[in-house]
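Before any comments, here is the structure.
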Amino acid sequence: MSTERGELVIIDTCYTTVHTLGRKNEARRLRYMQKDGSFPVVFQKAPGQWSLYLIDIFTTLVEIRWRVMLLIFSLSYILSWLFFGLCYWLIAYVHGDVDDAEHTTCVDNVRGFTGAFMYSMETQATIGYGFRGMTENCIVAIILVTVQDVFSCLLDTIIIGIVVAKMASARKRSQTVGFSSCAVVNLRDGVLCLSWRLGDFRGNHILEGVARAMLVRYVKQPLGSIVMSYQDLHIQNRDIVLATPVTIIHKLEPGSPLYLLGPDDLLGDNFELVVSFTYTGDSTGMLHQTRTSYTPADIRWGQRFQDMLKLDKRHYKVDYALFNVTTWVPVPLLSAEQFDRRGRPVEGSQSRGPLFASNKRNGHTCKVNPDITEEVMQQTCL
């Protein structure tokens, strides 16, 4: 591992992979989307900021953290017990059950607030120890018990529904479907292509889903404001069957926003590739979405993903240890526009030599060994 001009280069000798993590100023660049799919966006002075959360209270409770949900769950029951216990104590106090032990009571064995609270908890939790019980002497107490029973059923339904919805949240399923940590640029059928991997880490496979990709740029205005621009990227085979990991491909052809960018222009550009995969879970039938983003520092020119799918007698074996592993392949150090203008070399011909000559990138001179196969290219940085 070496540092030069604020750049960090890691050489993985096991897979002959060189990872360029970028310059120091790139680490401070604010991403449009985080790698986990979240957005670093904060709203200020939004109209009806708090009322919107109260109007859609169900969604608000589903999205809050579990510790807050457990706190609300506990407080909702305790406060309801205290409220109805206070009501029972007031009825007993007004009826004279507290002072006169020989008096005909509304609720048996409720002589103070402690007894009233215990009776409230027993009624709402349907415990019924048999020591305290409602009599026929007070119609107000009978009405209060009826109201508490109905309220208890309603509260149980809301709490259980929110907990179940929170456990079956789409965000939880999306964490088991992931994109590769990087994207690569290599040749496919004589065309420069940008590609990234998508895989499902669970056994119940996703049989239908749609992949999308978008290029996001922001332009700073003279007064300090920022204008966001969005460009859709055409990808092959948007409809995906995710029984095994797939590689999503975008051809760098005329009309592509990346058509004019070469390997040296890539790190100097300021954009973010936002990718997503929207699908329906086969277990719950709910709509899910997994998303991530790639900055120019996450795109590796001249590499491809290692093969991770093997054929067995009875199964297709997928080695997810190789999901993010890349290896070097012979790729022209030119933009797609320059590559098309020079003419794509015929596969197997010797005319590609100048395209793959030694090149100085990011302060390191990289030499290519011409005596290796088409599949894997050894690259040494001096």
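The values are calculated or read from the model by the stated rules, or taken from the named source; none is laboratory data. Please read these numbers as outputs of a predicted model, since none were measured by experiment. All Cβ positions, glycine included, derive from the backbone under ideal geometry; neighbour counts span all protein chains shown.
Mind checking which residues of segment 96-134 are over 26 Å from Asp156 (Cα atoms), surrounded by fewer than 19 Cβ atoms within 10 Å (Cβ to Cβ) and out of contact with any His (no Cβ under 6 Å at 6 or more places or on another chain)? Of everything in segment 96-134, those that are over 26 Å from Asp156 (Cα atoms), surrounded by fewer than 19 Cβ atoms within 10 Å (Cβ to Cβ) and out of contact with any His (no Cβ under 6 Å at 6 or more places or on another chain) turn out to be Val98, Asp99, Asp100, Ala101, Glu102, His103, Thr104, Asp108, Asn109, Arg111, Gly112. If the condition is being surrounded by fewer than 16 Cβ atoms within 10 Å (Cβ to Cβ) and among the hydroxyl-bearing types (Ser, Thr, Tyr), then segment 281-321 contributes Ser283, Thr284, Tyr316, Tyr320. Can you find even one residue in segment 211-234 that is closer than 30 Å to Asp319 by Cβ, hydroxyl-bearing (Ser, Thr, Tyr) and either in contact with an Asp or Glu (Cβ under 9 Å, 6 or more places away or on another chain) or not assigned by TED's automatic domain parsing to the domain that holds Val329 (or both)? The answer is no, given that none of the residues of segment 211-234 is closer than 30 Å to Asp319 by Cβ, hydroxyl-bearing (Ser, Thr, Tyr) and either in contact with an Asp or Glu (Cβ under 9 Å, 6 or more places away or on another chain) or not assigned by TED's automatic domain parsing to the domain that holds Val329 (or both). Identification of strands (runs of 3 or more DSSP E) wholly contained in segment 294-333 with 3 or more residues that are under 16 Å from Ile249 (Cβ atoms) and under 29 Å from the mean Cα position of the chain (by Cα) yields 299-301, 303-305. Here Leu260 meets the list (1) part of a loop (DSSP other than H, G, I, E, B); (2) closer than 30 Å to Arg202 by Cβ almost entirely, failing just condition (2).
Looking at segment 253-293, which of its residues are within 14 Å of the chain's Cα centre (by Cα) and of a type outside the set (A, V, I, L, M, F, W, C)?
At the first step, the residues of segment 253-293 found to be within 14 Å of the chain's Cα centre (by Cα) are 274-279, 287-293.
Within segment 253-293, Ser276, Thr278, Tyr279, His288, Gln289, Thr290, Arg291, Thr292, Ser293 qualify.
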